[in-house]
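Below is one structure, written out as structure tokens, with a few remarks after it.
The values are calculated or read from the model by the stated rules, or taken from the named source; none is laboratory data. Bear in mind that the values here come from a model prediction, so they are computed numbers and not experimental data. For neighbour counting, all protein chains shown are included, and Cβ atoms are generated from backbone atoms with ideal geometry for every residue, glycine included.
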Amino acid sequence: MTGFRRTVSLPALAAVAKRTAYKIRSASLPVRFHPIVSRLNDDVASLISWSSSCTKSPSAKWLSEGASRISVVLTSLFELMQHPLAVDQLRDSLVTSDVSEDILRLVDSYDTFRLVLLNLGQLQAETRASFRRQNQSRIASAVRAQRLATRELEQLASTTQEAAQTKPPPPGTATSSEDTAGVSTLPLSLCSAMAALAAASTVVFVGLAALSDQSTILPTPIAVGPTKVSRGTAKTTWVAGVMQWRSRVRKQAVEEEERKARQAALDQFDRLEECMKEMESRTEELYRGLVRARVFLLNVLSSRC
């Protein structure tokens, strides 16, 4: 038959080039979906979610969970920085030096936090002992001292909030690898992690300050005076007996109310003490992790020369 042209189909070169580019890109670090980067981003998202769920009356368990998530993010961040391909990019990145300074500010915050925790623990123990003895003058003095320590914790939280100051560079200005959207993934991940660490640390400090404030709201004894019986009423024996019975019932009710209030205050002391013990161990761990990350980045920066 005539009138038909033969056609030859050739494989699309664009598809081959695309597959080749994918292979080249997957051999570098980091693209957005590299396992290490993805894990860090997931941990950061989890930490941000925890921070956003903050309430005015945080529990000790909730604060401990936050400290645990901070530790997870810090571990993932250090794992990313240690990757051999990431080290090369950190050496050339424009934000490495600034991120190192952000870490230094967090190191200073946690170093101060350790001292505040130690002081607050001693003051809390003194407040509790005075409350058990019902020494009103010592209670007032101990509460004032504990509240002053709480104010120091709030000031530390305000400073820590500004610890992460580094912003990721705009697309095309960094030498680190970029994903398909043109985003410098390594600097972006570093900056996002530092911002989340600073924000979550601030929430932990503020939450512990709130717990400390709650423990200083102590019940005061309720004075119950004796029932006065007039002379005329005293002559009527059964009326006097009823009034005395009502007085005893009222006194017992007041004593029960005081007992419950005292127990609630002691329970609050227990929760604060438990939280502070957990924070002491976590804080030491976080402090060492931040120092290690800071030293690592300094070594990377010194290798530029």
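A few notes on this one:
- In the set Thr150, Thr127, Thr159, only one residue is more than 24 Å from Leu266 (Cα to Cα) and surrounded by 14 or more Cβ atoms within 10 Å (Cβ to Cβ); that residue is Thr159.
- Just one of the listed residues (Ser64, Ser130, Ser68, Ser49) is part of a helix (DSSP H, G or I), farther than 23 Å from Lys277 by Cβ and of a type in the set (S, T, N, Q), and it is Ser49.
- Unmet criterion (only one of (1) more than 22 Å from Ala163 (Cβ to Cβ); (2) modelled with pLDDT under 90) for Arg39: (2)
- Residue count, the stretch 114-150 (criterion: under 17 Å from Leu208 (Cα atoms) and of a type in the set (Ser, Thr, Tyr)): 2
Residues are listed down the side, and each one gets a yes or a no for (1) in contact with a Pro (Cβ under 6 Å, 6 or more places away or on another chain); (2) of a type in the set (Asp, Glu); (3) in contact (Cβ under 8 Å) with a residue 24 or more places away in the chain:
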| position | (1), (2), (3) |
| --- | --- |
| Ala45 | no, no, no |
| Ser53 | no, no, no |
| Glu65 | no, yes, no |
| Arg69 | no, no, yes |
| Leu74 | no, no, yes |
| Leu85 | no, no, yes |
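- Selection from the stretch 99-143 of residues that are over 30 Å from Asn299 (Cβ atoms) and either of a type in the set (Lys, Arg) or at pLDDT 95 or above (or both): Arg128, Arg132, Arg133, Arg138
- With respect to the conditions (1) assigned to a helix (DSSP H, G or I); (2) surrounded by 19 or more Cβ atoms within 10 Å (Cβ to Cβ); (3) modelled with pLDDT under 90, Phe205 lacks only one, and its number is (3).
- Beta carbons closer than 6 Å, at least 6 apart along the sequence or on distinct chains, pair a first residue in the stretch 138-150 that is farther than 13 Å from Ile217 by Cβ with a second that is in a helix (DSSP H, G or I) and hydrophobic (A, V, I, L, M, F, W, C) for Ala145/Leu123; Ala149/Leu120; Ala149/Leu123.
- For the stretch 32-46, the set of residues classified as assigned to a helix (DSSP H, G or I) and out of contact with any Asp or Glu (no Cβ under 9 Å at 6 or more places or on another chain) consists of Pro35, Val37, Ser38, Asn41, Asp42, Asp43, Val44, Ala45, Ser46, listed by residue number.
Yes/no per residue for (1) within 22 Å of the chain's Cα centre (by Cα); (2) buried (at least 16 other Cβ atoms within 10 Å of the Cβ); (3) within 15 Å of Thr202 (Cα to Cα):
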{"position": "Asp42", "(1), (2), (3)": "yes, no, no"}
{"position": "Trp50", "(1), (2), (3)": "yes, yes, yes"}
{"position": "Trp62", "(1), (2), (3)": "yes, yes, yes"}
{"position": "Gly66", "(1), (2), (3)": "yes, yes, yes"}
{"position": "Gln89", "(1), (2), (3)": "no, yes, no"}
{"position": "Asp92", "(1), (2), (3)": "no, no, no"}
{"position": "Val95", "(1), (2), (3)": "no, yes, no"}
{"position": "Val99", "(1), (2), (3)": "yes, yes, no"}
{"position": "Leu104", "(1), (2), (3)": "yes, yes, no"}
